[in-house]
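Presented below is the structure to which this report refers.
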Amino acid sequence: MKTLVFDVFGDFGHFRKFYTTSSPLTFAFPPPPTIKGMLGAVIGCDKTEYLQVFSEENCRVAIRILKPIKKTRMGINYINTKGNHWIPIKKGRHSPRSPICIEFVKEPNYRFYVTHKEEQIFKELKSNIEEGKTVFTLSLGLSELLAGFKYRDTLDFREVLDVKKEVSTVVPMNLIVEQGTVFEEGKKYFKEKLSVDMTPDRVVQRYEDVLFEVQGKSILAELKKCWKGDNGENITFF
């Protein structure tokens, strides 16, 4: 399976957890629908079509954490734009700004592995990533959090069944044999529930528990399947 490999990084990232409201918390890494939005920005798919172009049937993604996850919180002033206009002067008790405390990933750095069934879309993605260009500005969850990116390689990955492997990416729990994770000393394991499949109408079709090592280290586990690359690396796709 031909796979595009590239890194994405920035100063801050915010990938809002779906169960938080007034004080938004962030996932440690972007969920698959967010990554597909970033892929759409690379080739110019707008928000009404990218989830169709990069649907689960056409596109597979894997995520590797390259730097230890650090989080911080900052107060942000949102502008009150109710009524489609901004009132710059405070009138009575109604302030034009809404202070919100938001959690961010500090200095996020990830490696994405992307496949696509349509050769033309894959070629366009690869060409733009190699040349360092995008159609729309690439960001890490919020439009203000600009992202950089760098092409790494194009590799072939083949599916391997029923194996015990060191996996370098985050791992969907449904691919791990029951009680198949080997918890090693010096590693910090976390589990989070992510949305992994979403319709073009932005309705979540499927959530998934995902296991990851917060320092970016590999995970040793007995797996129902994984994908092995030309370079010997083992990864798991969503």
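All of the numbers you see were taken from the coordinates with simple rules; none came from a lab. Not measured: the values here are computed from a predicted model. All Cβ positions, even for glycine, are placed from backbone atoms using ideal geometry, and neighbour counts span all protein chains on display.
Values as computed for the structure displayed
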| item | result |
| --- | --- |
| Assigned charges on the beta-carbon of Lys, Arg, Asp, Glu; segment 2-235 dipole about Cα centre (debye) | 1140 |
| Residue order, fewest to most surrounding Cβ atoms within 10 angstrom, among Ile43, Ile100 | Ile100, Ile43 |
| Taking the chain and dividing mean pair separation by its residue count, relative contact order in percent (alpha carbons under 8 Å, at least six apart) | 29 |
| Low-density loop positions, trypsin sites (Lys or Arg not before Pro), segment 189-238 - DSSP coil, at most 13 other Cβ in 10 Å | Arg202 |
| Loop-exposed GluC sites (Glu not before Pro) per DSSP, neighbour cap 10 Cβ within 10 angstrom, longest uninterrupted part of the chain | 58-143 |
| For the chain, built as a Gaussian network whose Cα springs stay under 10 Å, the top-fluctuating residue of Pro31, Pro68, Pro99 | Pro99 |
